[in-house]
1. Please give me the summed charge of the neighbours of residue 13: other residues whose Cβ is under 13 Å from its Cβ, Lys and Arg +1, Asp and Glu -1.
2. If you bin every alpha carbon distance in region 40-172 into 5 Å steps from zero, what whole percent lands in each bin?
3. Multiply the residue gap between residue 273 and residue 196 by 0.36 nm, knock off their C-alpha separation, and tell me the result in nm, one decimal place.
4. Suppose R0 equals 51 Å; then what is the FRET efficiency for residue 292 and residue 92 from their Cβ-Cβ distance, rounded to the nearest 0.05?
5. Could you give the angle, 0 to 90 degrees to the nearest 10, between helix 310-327's Cα long axis and the longest principal axis of the Cα atoms of the chain?
6. After finding the eigenvalues of the alpha carbon gyration tensor for region 154-202, what semi-axes result from the square roots of 5 times each, listed largest first in whole Å?
7. Assigning unit charges at the beta carbon (Lys, Arg +1; Asp, Glu -1) and nothing else, what dipole magnitude in debye, to the nearest 20, does the chain show about its Cα centre?
8. With each run of n ≥ 4 DSSP H residues scored as -39500 (n - 2.57), what mean residue ellipticity at 222 nm is computed for the chain after dividing by its residue count and rounding to the nearest 500 deg cm²/dmol?
Amino acid sequence: MTRPQLIIAPGKEKALLRRHPWIFSGAVKRIAGDPKEGDLVDVVSADGSWMATGHYQPESIICKVLSFDTPQVDDDFFRECIRSAVAYRERLGFFRSADTNVFRLVHAEGDFLPGLVADWYNGVLVLQAHSLGMHRLFPVLSAAFRETLKSYGICSVFDKSSATVPGGAADGYLWGDEPQEWEICEHGNRMLINFYEGQKTGFFVDQRENRALVQQLAQGQRVLNCFGYTGGFSLSALRGGAAFVETVDISKKAIELCNRNVALNFGPEACHQGTVADVLQFLAEHKNHSSQFSFIILDPPAFAKNHRALQQGLKGYRSINQRAMEALPAGGMLMTFSCSQAVSKDDFRTMVFTAAANARRRVRVVRELPHAADHPVSIYHPEGEYLKGLLLQVE
């Protein structure tokens, strides 16, 4: 089948030759044919040689490349990509864990399927498209996942793309049972998930190993979990023997579900308090009470959703980190993150350095905190390493 073509301008092939999966509009000399958003297009050099095939979108990133190896991008191509992604998780033991049944199955460019996220929630598969082309493929992808995951007990497929695909259909089940609420388990902590109302695909799956680290460090600590959502870090702290945990989030619904999750695991008498509040204001009010919390977790939303918002986003990150450092006693621990892809590792470190200097505190870097192994990063797409985190000791 003849497809529309993106003809690359002479001298603009370098990123493609490095197999970077994003083609920017500035690299395209002209378009042959009349592609619509989401259509497959072939990418060719100035001399007409085929270079790649991907999904077209009339934006700055004009094409997300699916294949550098063959123009034969069909149903079998996607079935093989899914089989490979599932085999990777199987090899690392994700399906065999005795105490965790939630993890990422497809991580977009990291699994060579740009525009697609797929998360496994104890038998419910949640698909989220970040391109119209990938969303159109959901009937094919759903069938391929159901076949590949049959032996693992897949019971439902849910589409969570209404907020990520412009003009997309409402979120809802594509196949199988249709529970309103679902229970998962992570490191022994039971949690209730609402796929319709939850953020991301329902939960922040990428923080699994960092929550396990909190569990190791929480013994006897007074823990403040900021931007705590439904309490993943709070449950880990309580499981690890924290003396007290307070979860702060501006969403009343999130705190209500957090409180239910705490009660589900530790009963109504757990040493936990859920607080609906703006985090920056909460930290400002507690800056002179340094004996109250000995361990603070900052896991905010993406303050810089793109490079245009980078400086304003860094200012927001700097403010909350400075407030947290000011609120900690000597020897206190701070676990801090940015999930903004626009914020580089260097940007993040410089921001933390500035926050420490402004707070006039001595700060040790204990370790870096990336996302877990079920969120692989393509060697050709370093932008996929979006989560930056540091564990710090504040003196």
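1. Details: positive: 12, 14, 18, 19, 29; negative: 47.
Local charge sum for residue 13: +4.
2. 2, 10, 20, 22, 19, 13, 8, 4, 2, 1, 0, 0
3. Values: separation 77, 0.36 × 77 = 27.72 nm, distance 2.55 nm.
Full extension of this stretch gives 25.2 nm more.
4. On the way: r = 39 Å, r/R0 = 0.77.
Once rounded, the FRET efficiency stands at 0.80.
5. Roughly 20 degrees, rounded to the nearest 10.
6. Working: eigenvalues 93, 36, 13 Å².
For region 154-202, the ellipsoid semi-axes come out as 22, 13, 8 Å.
7. Values: 42 positive and 43 negative charges, 258 e Å.
Roughly 1240 debye, rounded to the nearest 20.
8. Working: 10 runs with 110 residues, N = 395.
Helix contribution divided over all residues of the chain: -8500 deg cm²/dmol.
The values are calculated or read from the model by the stated rules, or taken from the named source; none is laboratory data. Quick caveat: nothing in here was measured; it's all calculated off a predicted structure. Because the Cβ atoms are built from the backbone with ideal geometry, glycine has one as well, and the counts that use them run over all protein chains shown. The protein model used for the area step is the full one, side chains on, heavy atoms only, and it has no ligands, DNA or RNA in it. Shrake-Rupley method; radii C 1.70, N 1.55, O 1.52, S 1.80 Å.
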